[in-house]
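Down below is the structure, laid out as structure tokens.
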Ligand code: MF3
Ligand code: CO
Ligand code: CO
């Protein structure tokens with residue numbers, strides 16, 4: 001049985017209870033999420049053939065310094081970068097490096113900023129130059145999958161409704177959903193309860209209540225769903241080396257739906 005706890009009364013660690021946040025939490029997440037989105041917006045024109053993923057990370061760090069926020073991934077469990085940059089068949093947690101992106105690549109940039117203790121977590125895909133039709137389609141499907149998940153976020157629905165809707169859509173598009181990584185509670189902690197699986201059955205999981213704040217961040221592969229983590233301990237890749245994509249929003253459950261804290265005009269499917 002899942003328990004709920006008022007975020008003000010919760011200890012500063014993951015206790016297995018689902019925190020419920022009030023208006024201050026939503027205001028804090030709006031500010032932190034807005035900065036993560038603004039940083040990702042700035043990258044839209046910068047990510048062109050020739051840029052290295054380290055240069056992308058440098059920008060994410062400079063943006064943090066400019067806005068007096070802290071990248072949550074810096075020194076998180078031994079991770080040493082301000083962002084994750086996942087190229088082509090890298091599913092997630094790609095480590096920025098001095099390697100140039102080339103025409104036709106796809107790259108996910110995942111940024112989490114901490115502002116006054118609030119964690120704004122978002123990621124999106126970038127097309128490097130001109131990408132192939134299959135890659136373009138994968139990105140469209142993955143963004144749509146996130147939107148379909150977000151549309152399930154309202155009181156009374158469950159976390160399983162989110163996952164089931166995403167899985168049904170993605171598999172209907174003949175793509176696959178990664179199982180090893182999931183969305184998560186977010187707010188005063190980076191990774192909190194509940195887990196948000198991007199697959200599953202309607203009605204399963206935790207019932208959504210106003211005040212819950214979490215991420216939805218589906219990873220979608222063109223090929224099979226299976227992943228492996230490379231020997232650096234972070235980089236997750238598709239086992240069949242097929243292309244993988246991911247989009248992520250931080251959202252809060254309201255009385256009649258949800259608020260997307262990391263919304264951007266660039267992150268709307270058309
Ligand atoms: N931002 C990622 C997420 O969406 C987590 C990255 S943890 C890191 O949850 F250590 F790999 F950076
Ligand atoms: Co996340
Ligand atoms: Co993230």
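Kindly evaluate residue 56 against the criterion of being surrounded by 14 or more Cβ atoms within 10 Å (Cβ to Cβ) and assigned to a loop (DSSP other than H, G, I, E, B). No, not satisfied. The strands (runs of 3 or more DSSP E) located wholly in the range 199-254 that include 2 or more residues which are closer than 26 Å to residue 158 by Cβ occupy 213-216, 219-221, 244-246, 249-253.
A quick yes/no check of all residues on (1) touching a residue at least 40 places away in the same chain (Cβ under 8 Å); (2) surrounded by 20 or more Cβ atoms within 10 Å (Cβ to Cβ); (3) under 17 Å from the mean Cα position of the chain (by Cα):
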residue: 133; (1), (2), (3): no, no, no
residue: 155; (1), (2), (3): yes, no, no
residue: 159; (1), (2), (3): yes, yes, yes
residue: 166; (1), (2), (3): yes, yes, yes
residue: 173; (1), (2), (3): no, no, no
residue: 192; (1), (2), (3): yes, yes, yes
residue: 221; (1), (2), (3): yes, yes, yes
residue: 228; (1), (2), (3): no, no, no
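All conditions in (1) away from ligand 3 (no atom under 12 Å from the Cβ); (2) under 24 Å from residue 185 (Cα atoms) hold for residue 59, with the sole exception of (2). When 223, 203 are checked against the criterion of being modelled with pLDDT of 95 or more and in contact with a helix residue (DSSP H, G or I) (Cβ under 8 Å, 6 or more places away or on another chain), a single residue qualifies: 203. Within the range 111-127, being within 16 Å of ligand 2 (Cβ to nearest atom) and closer than 23 Å to residue 224 by Cα holds for 123, 124, 125.
No other residue among 131, 150, 178 is within 16 Å of ligand 3 (Cβ to nearest atom) and over 19 Å from residue 262 (Cβ atoms) apart from 178. When 59, 98 are checked against the criterion of being farther than 21 Å from residue 178 by Cβ, over 20 Å from the mean Cα position of the chain (by Cα), away from ligand 2 (no atom under 15 Å from the Cβ) and touching a residue at least 12 places away in the same chain (Cβ under 8 Å), a single residue qualifies: 98.
The values are calculated or read from the model by the stated rules, or taken from the named source; none is laboratory data. Source: prediction; values computed, not measured. Please note: Cβ atoms are built from the backbone with ideal geometry, for glycine as well, and neighbour counts cover all protein chains shown.
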